[in-house]
Structure formats: structure tokens, C-alpha cells
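Okay, so here's the structure we're looking at.
The values are calculated or read from the model by the stated rules, or taken from the named source; none is laboratory data. Since we're looking at a predicted model, the values are computed, not measured. Neighbour counts run over all protein chains shown; Cβ positions are idealised from the backbone, glycine included. For the accessible areas, the whole protein counts, side chains as well, though only heavy atoms, and no ligand, DNA or RNA atoms are used. Shrake-Rupley method; radii C 1.70, N 1.55, O 1.52, S 1.80 Å.
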Amino acid sequence: MIRFEHVNKRYPARGEALKDLSFELAAGEMAFLTGHSGAGKSTLLKLIGLLERPSRGQIIVDGRSLADLPRRRIPYHRRRIGMIFQDHQLLRDRSVYDNVALPLAVTGMPSREIGRRVRAALDQVGLLAFERAQPVSLSGGEQQRVGIARAIVGRPPIILADEPTGNLDPELASEIYDLFERFHEVGVTLMIATHDQERISRMAYRILRLHQGRLIADSRNW
Amino acid sequence: MGTRQAGSSGRHPRRLATWAEQHREIAVDSLRQMLQQPLGALMTVAAVAIALALPTALVVALDNVKRLGGDWQRSAAISVFLEADLDETEGAQLSQRLRQLPEVERIELISRTAGLAEFRQYSGLGAALDQLSQNPLPVVLELHLKPAILEPVRLTPFIDQLETMPEVDFLREDAQWAQRFQAMLALLHTGVALLGLLLGLGALLVIGNSIRLEIENRRDEIRIMGLVGATARFARRRFLYTGAWYGLFGGMVAGLIVTLMVWLLSAQVSAVAILYDHDFHIQGLDFAATSLLLIGSTLLGIIGSRIAVGRHLDLCDER
Ligand SMILES: Nc1ncnc2c1ncn2[C@@H]1O[C@H](COP(=O)(O)OP(=O)(O)OP(=O)(O)O)[C@@H](O)[C@H]1O
Ligand SMILES: [Mg+2]
């Protein structure tokens, strides 16, 4: 589903963030991405969503090389990926409802069809009561969950989560991971970047470990 | 992918309804957003309205002048004085022939008796004329011309043609001033069109600049829309509607300004017309002109916004 072939990413200002990275994630697989701060986790996820371009190497998603994707196809590529951002990326002057509705609205779905889906997504992250709230009035964890609801509302085949539970208490975090596992069960491909070593060692999934931009371990718990 | 919900293939009418609903939603939403910053919106609308009101007012003024001229033009004619030895019957025959000419709208034959009667009335020489043993006046044909030939290029050869006819003694043209009037009107029309073009361009730039500011303010929103898969076309649409609203409202206010001006002037104009023994009422924007103004201003808004959007919209596409 997602394949990296000798991918390098070099930021002009900062040097190489990813070095000669190769791995493959099968369709329906769920994997954790871990490593120290600055290891390149966010960069890796951004490359998949085409928020950044690799400096060298190839990335293949769903059998298609991203380098060959014409610019006008990028939006359709992004619609197939539910991205949860480390810094949330919410619209500050729109309600929680509008934020979660955005991925559906941009596909041209009429608003009466959107409502049911948005409420279902908000319900799954426990934020149904916050529909009308503005993101700024929410706690960090609540904002994070709005971001999660927005990523799942379009039922994308791929979910990329960047520190999705960084601001959540253990109990809420467990609920979110339960949610991810439910998506995994119905065939969604998931990649979750996290520092939460304890949790990933308890869960039986593949772990990709980055160190200074290099893949240093590709292991599996069971 | 299995989990992806395939968009149920709607039949055509349904898709059209969805599409229309989508547009309506964006139109309403962009209007709502405009009203959230009423002062800025008001200033843009006012600037557009003023830029459009001036050429619109001039067009209305010209139309009224043309209408006034039209009243006079109906009396514009060429008087053809026939040779003195021709009588009314021969005059009528010639009149028949002239009526066939494409330039001629209608012909009035003024018999010698009628001419004399008229002359008597206007000259005040009543008694003196009674002394004449015979009527010295020739038969006169009043040629009323079609307005289309009042341009010099067509009128001059026509007059030359008349003058060379053996039955014709001489001509008196009332048409010449009408001809000058036509030329002047055409000149003014061109001037107004150029001015309209210039001010329309000004309105376009004002709208484009407002949209540019708006894009600047919504940079984050546009970027995030791009992150979740908005196409450029989708992101653009809202701004095109904002531009359309600016244009439409600007056009409406311009129309109101001109209507108000006409209303303020109408009493005075009628009073002046009465002094000239003329029943004339100034006419404002009619339905067609109003529609044209509103459609034109809306298009102006869309184009202005399209230019701004094309230059400044960034959907986080590529680096
Ligand atoms: N836009 C950018 N411009 C320049 N350098 C960047 C940019 N984004 C990331 N980097 C650099 O690339 C490296 C990897 O960053 P990245 O954000 O991928 O790390 P990370 O593993 O997500 O870290 P964290 O756990 O702190 O989120 C870092 O050294 C960072 O400074
Ligand atoms: Mg990161």
C-alpha cells in the first residue's frame, strides 16, 4: 500500500531529515513509527501526504508513484489519506462541526448529507457535545480529538497519525487506540507516529524505529 | 479500497440539484463572511459604486439628449424647390419617383397656394401679397429622410443627386444641423465608452485588491483546505462568489445613485423644457439598462476576483 524506495529528504536549511529510507507497508497493515524528537517521523508522514516532496528516491502509494502524480490529482490523493497532524491544523474561526465537516465539504457533498457523518465521527472521539464550540475554547486534548474526527470522517483507506495522543490522558489515549484498532479491523492501513514506548510495546503491531533520519529497526511484537 | 464508500452514482437530475445546492451554500456562506466585516465590504462596494455611477450617469444623459434630438430630427427635412414652370401634378409625379428612393421616409407636397398661405401668415405681408396677379411661389417637396442616412457620407451624395435633377431649382437643407448633431453624439458615445472602460477597470482593480486582502487573511484556512483535499477550483469558488457580490452590490448602489440624480434633476428639466415650449421628461434607467448594469458589474467582480485568486491562492500543493 505504501512503499518507500531509498528515499532521502533534505531541508535546505537543516540538512538531511531522512536518509536512504526503504520499507513497505501492506494494505490493511497497522504500524507504529517511533524515534527520538527530530528523528524524521513527521517528515516521513508528510511525504506520504505530499505535503513535502522527497529529494531522492521513490514513494509508491496504492501502486502509484507519487512523483508521477500530476498536480491536479494531489487533492484526490489527499482525500484517500486521513491525516492527524502533530499541531492539529484546525480552522480557528470555525466551529468544531465545520472543522470536522471540511474534508467532506471540499468534495462537494451537500451539507445535509454531511451532518450525520460529522456527528458519527465526533461521537467516536467523545466530542459530540462540542459541536458548536470554537477550537480555541478547547483544551489541547480536545483539539487533538477534533483533528482525529476530521481525519476519520471521510472514511479514508489510509490513516496517518502524528502523535495523535500526545495531549491525552492514558484513559482517553486508550480509547483512541481502540478506535484505531477498529479501523484496522475493517481494513484501513494505519501508520501512527508516537513517543509512547510503553504503549507500543504492549500492542502487537509492527514498529518502525527511526534514528537521525535512518530506519534502524523494523520489528514486530506479538 | 474496500472501506471507501463509493459515491453512489446519482442520476443526472440529482447531481445537478446537488451541484446547485453546493453553489447556493457557498454563495450564502461567502455573503455571510462579507457581512462579518461590514466596514471593509462597505468601502469596497462604495468604491465600485462610484466608479460605475459616473459612466452610467453619462450614458443616461446621452440617451436623454438623443431622445431630445430625436424629437427635432422628425422635423429635419430637405425642402426641394421645383422649377417655377412645374405645376402640382408634375410635382406629384416627381414626388412619386422620389418616394422610391431608399433614403426617403416620406414626402409632403406643398402646393403653391398652400405655400402662399403659409408665407402670408408668417411674413405679415398679407395685403401686399394680394396685389400680386399670380402666385410667384414654386411647388415645394418636403423630403423627410430616414435617420440612418443622416451621416455625412450618405447624405452628401444624396443631396448632389437631387440637385442635378432637371425639375429641381434649388434645395434648402434643414438636415445639416441634424447631421452635425449625429456626429457629435457619436463622438460623445465613444468618449463615454472609453471613460466607462477606464472606470470599469478601476472597479475591477478595487475588487481584485479586496479579494487579495481576503486571501491574505484566510491564508491558513486555504492551506488547511488544501491539506484535507480541496481542489484549487473548490477553494477558488468562494472568492469568485465574494467578487460577484461586490460587483452586484456595487452595481446596485451605482444604479441607485443614478436614479436619485435623475429624480433630483427631473423637475428642473421639465421646467426648462416648458420654457422652450417643449414637452420633455428626463428618463432614468429602464429595465434593460438596469439589468445590463447589474450583469456587467457582477461579471466585473468575478473577473477581478479571478485575477486575484489566480495570482495569490496557494493550496499547499508543492514546494
Ligand atoms: N520545514 C522544515 N524546514 C527545515 N527543517 C525541518 C523542517 N521540518 C523538519 N525539519 C527538520 O527535520 C528533522 C526531522 O523533523 P521531524 O519533524 O520529521 O521530526 P519528528 O521525528 O517528527 O520529531 P518530533 O518527535 O519532535 O515531532 C528535524 O531536524 C527538523 O529540524
Ligand atoms: Mg513530529
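Any idea of the total accessible area buried by the B-A contact, 1.4 Å probe, rounded to 100 Å²? Please report the intermediate quantities before stating the final value.
Working: alone 20190 and 11100 Å², together 28360 Å².
The contact between A and B buries close to 2900 Å².
Percent relative contact order of chain A, based on C-alpha pairs within less than 8 angstrom and at least six residues apart? Mind dumping the intermediate values first?
Details: 406 pairs, mean separation 64.7, N = 222.
Relative CO of chain A lands at 29 percent.
Report, as a whole number in µm² per second, the diffusion coefficient that Stokes-Einstein gives for the protein assembly as shown at 37 °C and 0.692 mPa s using the Kirkwood radius over alpha carbon pairs.
109 µm²/s
What whole number of Å gives the distance from the Cα centroid of the range B:223-294 to the Cα centroid of the range A:101-170?
43 Å
Cα gyration tensor of chain B, axes a ≥ b ≥ c as square roots of the eigenvalues: rounded (a/c below 1.5), prolate (a/b > b/c) or oblate? Before the final figure, lay out the partial values.
Numbers: a/c = 4.11, a/b = 2.97, b/c = 1.39.
Prolate shape, in that a/c is at least 1.5 and a/b is the bigger ratio.
Take B:ASP130, A:ASP98 and sort them by solvent-accessible surface of the protein heavy atoms, 1.4 Å probe, largest at the top. Intermediate values should be presented prior to the final figure.
Details: B:ASP130 100, A:ASP98 60 Å².
My answer, sorted largest first, is B:ASP130, A:ASP98.
For chain B, set up a GNM with springs between Cα atoms under 10 Å and report which of B:LEU132, B:LEU275, B:LEU197 has the largest fluctuation.
B:LEU132
Among the lysines, which have Cα under 25 Å from the Cα of A:LYS46 when same-chain residues fewer than 8 positions away are ignored?
A:LYS9, A:LYS19
Can you bin the range B:77-174 into rounded, prolate or oblate? Criterion: square roots of the alpha carbon gyration tensor eigenvalues sorted a ≥ b ≥ c, rounded for a/c under 1.5, prolate for a/b above b/c, oblate for the rest. Don't skip to the answer; put the middle values down first.
Details: a/c = 2.43, a/b = 1.89, b/c = 1.28.
Taking the square roots of the gyration eigenvalues as a ≥ b ≥ c, the range B:77-174 is prolate.
Calculate for chain B the 222 nm mean residue ellipticity that helices alone would give, adding -39,500 (n - 2.57) per DSSP H run of length 4 or more and normalising by residue count, nearest 500 deg cm²/dmol.
About -24500 deg cm²/dmol.
Between B:VAL269 and A:ARG112, with labels modelled 7 Å along Cα→Cβ, what's the label distance in nm to one decimal, could you check?
It is 5.0 nm.
Which part of the range B:235-249 falls in the paramagnetic zone of A:TYR76, meaning amide N under 17 Å from the point 7 Å along Cα-to-beta-carbon?
Those under the cut-off are B:235.
Sequence neighbours fewer than 8 away in the same chain don't count; with that in mind, list the lysines whose C-alpha is under 26 Å from B:LYS146.
B:LYS66
What does the accessible area of B:VAL80 come to, in Å² to the nearest 10, when a probe of 1.4 Å is used?
Roll a 1.4 Å probe over it and B:VAL80 shows about 0 Å².
Using helices alone, what [θ] at 222 nm do you get for chain A, with -39,500 (n - 2.57) per DSSP H run of 4 or more residues, divided over all residues and rounded to the nearest 500?
Working: 7 runs with 73 residues, N = 222.
The helix-only estimate for chain A comes to -10000 deg cm²/dmol at 222 nm.
Between A:ARG10 and A:SER139, what is the spin-label point distance in nm, taking each point 7 Å from the Cα along the Cα→C-beta axis?
Placing both labels 7 Å beyond Cα along the Cβ direction yields 4.5 nm.
Keeping all protein chains in position, work out how much accessible area B:ILE302 exposes to a 1.4 Å probe, and write it in Å² to the nearest 10.
Solvent-accessible area, nearest 10 Å²: 60 Å².
Report the gain in length on full extension from B:ARG24 to B:TYR276: 0.36 nm times residue separation, minus Cα-Cα distance, nm rounded to one decimal. All intermediate terms of the calculation are to be shown ahead of the outcome.
Working: separation 252, 0.36 × 252 = 90.72 nm, distance 5.40 nm.
So the extension gain works out to 85.3 nm.
Using a 1.4 angstrom probe on protein heavy atoms only, which residues from the range B:201-224 are buried by at least 50 Å² of accessible area when all chains are present rather than their own chain alone?
Buried-area filter returns B:GLU221, B:ILE224.
So, for the range A:47-160, what is the accessible surface per residue at a probe of 1.4 Å, expressed in square angstrom? List each step's numbers first, then the result.
Working: 4620 Å² over 114 residues.
Heavy-atom accessible area per residue stands at 41 Å².
In nm, to one decimal, how far is the modelled label at B:THR89 from the one at B:GLN161, with both set 7 Å along Cα→Cβ?
Each label point lies 7 Å from its Cα, and together they span 2.9 nm.
Expressed as a whole percentage, what fraction of the accessible surface of the range B:77-174 belongs to carbon and sulfur atoms when a 1.4 Å probe is rolled over the protein heavy atoms? Numbers along the way, then the final one.
Numbers: 3060 of 5820 Å².
Summing carbon and sulfur atoms, their accessible area is 53 percent of the total for the range B:77-174.
Helix A:140-152 sits at what angle to the longest principal axis of chain A, using alpha carbons and giving 0 to 90 degrees rounded to 10?
It is inclined by approximately 80 degrees.
What is the mean number of Cβ atoms from other protein chains located within 10 Å of the Cβ atom of each residue in peptide A:99-109, rounded to a whole number? Walk me through the numbers on the way to the answer.
Values: counts 2, 0, 0, 7, 5, 2, 8, 9, 6, 14, 3.
Average per residue, whole number: 5.
I need the trypsin sites (Lys or Arg not before Pro) found in the range A:111-140, filtered to DSSP loop residues with at most 16 other beta carbons within 10 Å of theirs.
Numbers: sites: A:ARG112, A:ARG116, A:ARG117, A:ARG119, A:ARG132; in loops: A:ARG132.
Taking the range A:111-140 and a limit of 16 other Cβ atoms within 10 Å, the loop trypsin sites (Lys or Arg not before Pro) found are A:ARG132.
Could you give the accessible area per residue of the range B:77-174, probe 1.4 Å, as a whole number in Å²? Could the numbers behind the result be given before it?
Numbers: 5820 Å² over 98 residues.
Heavy-atom accessible area per residue stands at 59 Å².
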